[in-house]
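Only one structure is covered here, and it is reproduced in the block below.
Nothing in this text is a laboratory measurement; each read-out follows from the coordinates by a stated rule. None of these values were measured; they are calculated from a predicted model. Cβ sites come from the backbone with ideal geometry, for glycine too, and all protein chains shown count toward neighbours.
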Amino acid sequence: MEVPVCIIGCGPIGLTGALLLSRHGVPSLLVERRSELNTHPRSRFVDTNTMELFREFGIDKAVEATGLGPDWTACNRWSDSLAAEPYANIPSPTFLSVPGPNSPCVPVMTAQDEVELALMSQVAADPMIEVRFDTEAIDVAQSDDATHLTLRDTNTDERQSVTAQFTIGADGPGSGTREVIGTRLEAEPRPVFSQDVIFHADLDAYVGDRKGSLLYTTTPDGVVIFQPLDGRRRWRCQVIVGDENLISEDAVSRRIRVALGTDDDVEFSILSMRMWQPTPGCVTRFSAGRIFLAGDAAHVSVPTGGMGNNTGFAGIRNLAWKLAYVVRGLAPESILATYETEHRPIAVERIDFGVRTTEYMAAMMGGHMRGDDIADHIERTHQYADYDHLLLGFEMTSDLIAPNTEPAPPAEARSAGFVPVVRSGRRAPHVWIDAEGTESVLDWYGRSYVLLLGSDCARTEWEAAADLGPGTAPVAVRQLPANISAGPYQADACVLVRPDGIIAWCRSDPGGPPDLAELARYLPS
């Protein structure tokens, strides 16, 4: 069997990679050794950037409908028990599921299995994507012009040889693809073990009006973290334990009842339990030859702040269009090196941010349990879910991105201070392009390069100049209407936006016949 791209791992990043490749006209094969999608959700937060990607797929509203509302997502809270008054109520504007000025989408707090079901609904209906469950890649190799895989059906032991131009390892934190390309995860396990528990229970009487995205309890028996999954009866609990061995359901039940702060005989049913130890880090390299790593196979975050999957979504969004352009003959293979160049700094920054936030929070909880003054610790822990500057204000550099002539504006430490700007390497800012606020300029991106023109630019001349002929990266020319407020886009702006929504080049239109020589320098060639 031959296929342009084989993706190992049918988690959220693998599913997204297949959908992105399909949007660019490239078929793929998804293989997954499990029999079904994940039934024990760990990730919950879907950030603004990821929701914008889901808007491209047409599943943003479906995902949003599964999420917790603003009454749950306005704060994170810390208390001695779920029924006690919190000693820290920390606003979480990055989590808050309300419309804002910087995106057509709202962030969503939901369960990972809901996200995967929404993605799978699109994948299953896409004729360009073949999915095989109960299938493992037992041998992966490569030559100069292809990758070669042996797939094994785990039910029948039947083997099949597959040749793919490229292979993506999206096979999670225990990735076997890492070894194939000779890379390793440079990580140091955190000194904590957490037993994940998914259960059903009615906890309204104990939560009361103290709802939160995360409800931390610091009990005499240890930390227990309550995470609402549907805002009704479905919960995830993280019970901090002493080692890697699972404690019994009875022991878990006792820990949860203590953390509730009641002697009531609370009824709840445990659905599943898993053990994990946070091991944040990044691999030594993201690819070798024609094999690439994505998601947790490439970088692992601590759970604090919910940046793990979202960083994975950002990475596969960066990689997929480049692979598609190479497969379609629109770009040379050399552009694939920019995946690591551009994405690694973002991944490392977010990993470090999560670790730092965890340390601030641990100091706050430890100080409270000792009876210390924790005002300074609370202030530092505000960054837990207040980091839009990190999610929306990142700036990439590579040969595919024009250098900026002006220094970057200073980074804000709070979401309220984030101001979108038009700069090379930045996420192209959102503005509404209709009076009703239904169509965003972001809806123009995703399938090709877009040359975005301000309302004063001569569109006809730019369209003629941007027709570079067959075999080159296509450039669609779009113009902002004159009757809307274009925010950071000036009326004379010329902005080249990549298929992943990143600005590759920008300048002011000086008037006269367009000269595309500088713009073309930042198109794949």
Packing-based ranking, highest mean first, of 280-290, 397-407, 177-187, 39-49 given that Cβ atoms within 10 Å are counted: 39-49, 280-290, 177-187, 397-407
Förster-model FRET efficiency, 35 Å R0, residue 349 and residue 245, C-beta, rounded to 0.05: 0.55
Dipole magnitude of the range 29-128, debye to nearest 20 (Cβ charges: Lys/Arg +1, Asp/Glu -1, about Cα centre): 120
Global size of the range 415-520 as Cα Rg and Dmax, reported in angstrom: 13.5, 45
Whole-Å semi-axes of the chain's equivalent ellipsoid (Cα gyration tensor): 40, 30, 19
Calculated from backbone phi, Karplus (6.51, -1.76, 1.60) coupling profile of the range 151-161 in Hz, x at Gly/Pro: 9, 10, 6, 6, 8, 10, 6, 5, 10, 9, 8
Amide H partners (placed H, <5 Å) of residue 477, local residues excluded: 451
